[in-house]
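Taken together, the values in this text are just the output of simple stated rules run on the coordinates, not laboratory data. In this text the structure is predicted, and so the values were computed from the model without any measurement. Counting neighbours? That spans all protein chains shown, and the Cβs are built from the backbone with ideal geometry, glycine included.
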Amino acid sequence: MDRTLTSAAGALPRHIAIIMDGNGRWAQRRHLPRIAGHRAGTQSVKSAVRNCAEKGVDALTLFAFSSENWSRPAQEVTQLMELFLSALQNEIQELHQSHVRLEFIGARDAFSEKLQQQMREAEQLTAANPGLHLNIAANYGGQWDILQAAQQLALRVEQGTLRASQIDRALLESCLCLSALPAVDLFIRTGGEQRISNFLLWQIAYTELYFTETLWPDFDASALQAALDAYATRQRRFGGLTVAHQAQA
Ligand code: FPP
């Protein structure tokens, strides 16, 4: 992960991660079933992808389904799976034409074979695209990510190809999801809650956090711009001094 030691002043984040929260409440307020909120949320996904691509953001990582979302009522889980499948089928060609590179992060073996197949095909189709790198976190959890990295390293130690003393921050980081991408600069959570909910953990060590009351289906281009404007005013120090403070020292 590349970490540029400057303030964010005026800058565009290279990598944005979003917890898309509030679909259920959006539907509830309209006396609609929760799935209607998720469907409306799909439109916000399209808008966020289009806007990030147009602005030149390198990577967008969206939390579509957490490791904990399986505990929702079976009907909602099934409807969400159907929605993911149809969204993939409907949008993949347009994403490809827009040069988006699509990848999924998370324990995908829990999904139906049909959905896994669609995920693989979408990744293969778009693998060489030079545009926005779109990561969909599905059956993802930040703790799961760190655990699977630890297991990869433990296996290499067990096989005798790695010594425990060789494990450092960079090596562990290289085993985590998103390690090939720029560090996450901006983390957005919609829907009013102010927590991380086991989304990216290691990857957001120095990330700027932005929380908004806006429900995900209402998160349009102007809501994204408000988040980008807030980011542009942040002074990033990564544990050190800002550029201005360094000049004074
Ligand atoms: C959280 O809202 C949202 C989800 C668990 C699902 C997110 C899914 C989408 C935005 C649909 C489309 C996604 C893709 C990638 C095509 P919530 O249900 O927890 O809302 P609530 O807090 O108001 O109940």
What are the residues in the range 179-198 that are among the hydrophobic types (A, V, I, L, M, F, W, C), in contact with a helix residue (DSSP H, G or I) (Cβ under 6 Å, 6 or more places away or on another chain) and within 16 Å of the ligand (Cβ to nearest atom), if any? F187, I188
Residue count, the range 130-185, condition without any contact (Cβ under 8 Å) to a residue 60 or more places away in the chain, of a type in the set (A, V, I, L, M, F, W, C) and assigned to a loop (DSSP other than H, G, I, E, B), comes to 5
May I ask you to list the residues in the range 61-83 that are out of contact with any strand residue (DSSP E or B) (no Cβ under 9 Å at 6 or more places or on another chain) and either in contact (Cβ under 8 Å) with a residue 60 or more places away in the chain or small (G, A, S) (or both)? E68, S71, A74
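Table: residues versus (1) farther than 22 Å from L228 by Cβ; (2) outside any loop (DSSP other than H, G, I, E, B); (3) under 14 Å from the mean Cα position of the chain (by Cα).
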{"position": "L32", "(1), (2), (3)": "yes, no, no"}
{"position": "A36", "(1), (2), (3)": "yes, yes, no"}
{"position": "F65", "(1), (2), (3)": "yes, yes, yes"}
{"position": "E82", "(1), (2), (3)": "yes, yes, no"}
{"position": "F104", "(1), (2), (3)": "yes, yes, yes"}
Taking only the range 30-60 into account, find how many residues are in contact (Cβ under 8 Å) with a residue 40 or more places away in the chain and either within 11 Å of the ligand (Cβ to nearest atom) or in contact with a helix residue (DSSP H, G or I) (Cβ under 7 Å, 6 or more places away or on another chain) (or both). 17
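Say we look at the range 150-170 and pick out the residues that are closer than 23 Å to F199 by Cβ and in contact with a Leu (Cβ under 8 Å, 6 or more places away or on another chain); which of these is surrounded by the fewest Cβ atoms within 10 Å (Cβ to Cβ)? Give the derivation first.
Going residue by residue through the range 150-170, those that are closer than 23 Å to F199 by Cβ are 150-153, 169-170.
Within this subset, residues satisfying the condition of being in contact with a Leu (Cβ under 8 Å, 6 or more places away or on another chain) are 150, 153.
On the way: A150: 13, L153: 17.
The residue in question is A150.
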